[in-house]
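A.B. asks: To start, I am sharing the structure in question, which I have written as C-alpha cells.
Values in this text are rule-based calculations from the coordinates and carry no lab data. Keep in mind the model is a prediction, meaning the values are calculated, not measured. Positions of Cβ are generated from backbone atoms using ideal geometry, with glycine treated the same way; all protein chains shown enter the neighbour counts.
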Amino acid sequence: MQEISAAHQHRHFRRAAMALLSVLLCAMVTQAKAAATFKTNMIQFDPWTRLVPGGKNSETEGILVDLLDEFEKRSGYNTERTMVPYARVEQNLQQGVTDFSLMAWGEARAVYAERGSCLVPLAFGVRARKNFRIRQYDDLYNIRIGTPRGLKIDPRYDADLRMNKQMVLDYTTGVMMAGLGREVDAVAGSLSTINYLITQNQMQAIFDETLILNTTHLAVAFSRKSPLFAKRHLVNAVFDSIETDGTARAIYEKWLGVQSHQFAEESAAPSCRNTP
C-alpha cells in the first residue's frame, strides 16, 4: 500500500510540475509576443495609406496596410501603426520613435536608418503638363515642380538648390495643382503613384511627358535608434518571403492597377535583398 501511495504521489507531483511548466511557457510566449510589437509609421499618401471612406475610428486602407497585415499574419508579431505625413516618418526614424517603416529607399537616409528587405522596384521622376518639354535633366530648370515635402526623389534633384521646387503636402495636392495649372507645371516623385492619381482624377489628357530620374525600391527602413533594432533580421525574414512568393507585387498591383512593370527601368532593376 505504501508503494502504491508513493507511486500515486509521484504521478501527482509530475502532473503538478507539468501544469506549472505549461503555465510558465504560456507566460513566456505571451511575454515574447508582447515584446515583439513593432511601432511603424504609415505614410499618408494615397493609395499607400488613406482613411477608409465612411470608416470609423480612423480606419485605414492601402498598400502599406495590406503589407503590414500580411506581415502580422505570417509572423505572429504585432504592429502598432500610425498614419503620418511623409516628413514626420523621416523625423520619427531619426529619433527612434518608430521601429521601422515601409517606404521608398534613399541612400541619404542611411545615416539614421538601415535598409532591410526590398519589396518592389519604383521609378521616381517628374511628370509634366502638356506643352512642357522634359527630355533631359536641364529641362527641369524651366518649370515649376510640385514636390511632396521631405520626399527623397533622386540625390541630384534633392540637393539641387537651383531647381524651382514648390513644396506640397502630398502627391494628391501636387497632381491637382498641376492639373489645374495653379503654381506648378509638373509633379515629382513615385511615377506609378502620380499616374494613379492622374487617372483617378481623370486628368490623363492634361499631362504628357515623363522624365525618369532614379529607380529605387519600396523597402523596410529600420531606425538605428529603435530599441528593437537587434530584431531586424526577424522582420526581414518575413518580408523576404512576402516578396519572394509574389505577394508584395500582387498587393502593389491591386491598388495601382499596374499589371506589369510600368517602366523599363523598373523591369531592369536588380534584385535587392536585406542588408547583413
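A.B. asks: Please report 98, 173 as a ranked list, fewest other C-beta atoms within 10 angstrom at the top and most at the bottom.
C.D. replies: The order, fewest Cβ neighbours first, is 173, 98.
A.B. asks: What is the order of 58, 75, 190, fewest Cβ neighbours within 10 Å to most?
C.D. replies: 58, 75, 190
A.B. asks: Dividing the convex hull volume of the Cα atoms of the range 37-166 by its residue count, what figure in Å³ per residue is obtained?
C.D. replies: 139 Å³
A.B. asks: Straight-line reach from residue 225: which lysines fall under 22 Å, measuring Cα to Cα and dropping same-chain residues less than 8 apart?
C.D. replies: The qualifying lysines are 33, 39, 152.
A.B. asks: Additional query: Please identify which residues in the range 216-235 have an amide N closer than 20 Å to a label point set 7 Å out from the Cα of residue 244, following the Cα→Cβ vector.
C.D. replies: Residues 218-221, 231-235 qualify, since their backbone N sits under 20 Å from the label point.
A.B. asks: Further question on the same structure: Multiply the residue separation of residue 229 and residue 141 by 0.36 nm, subtract the distance between their alpha-carbon atoms, and state the gained length in nm to one decimal.
C.D. replies: Computed gain between residue 229 and residue 141 is 27.6 nm.
A.B. asks: Can you pull out the GluC sites (Glu not before Pro) in the range 175-265 whose DSSP state is coil and whose Cβ has at most 13 other Cβ atoms within 10 Å?
C.D. replies: 183
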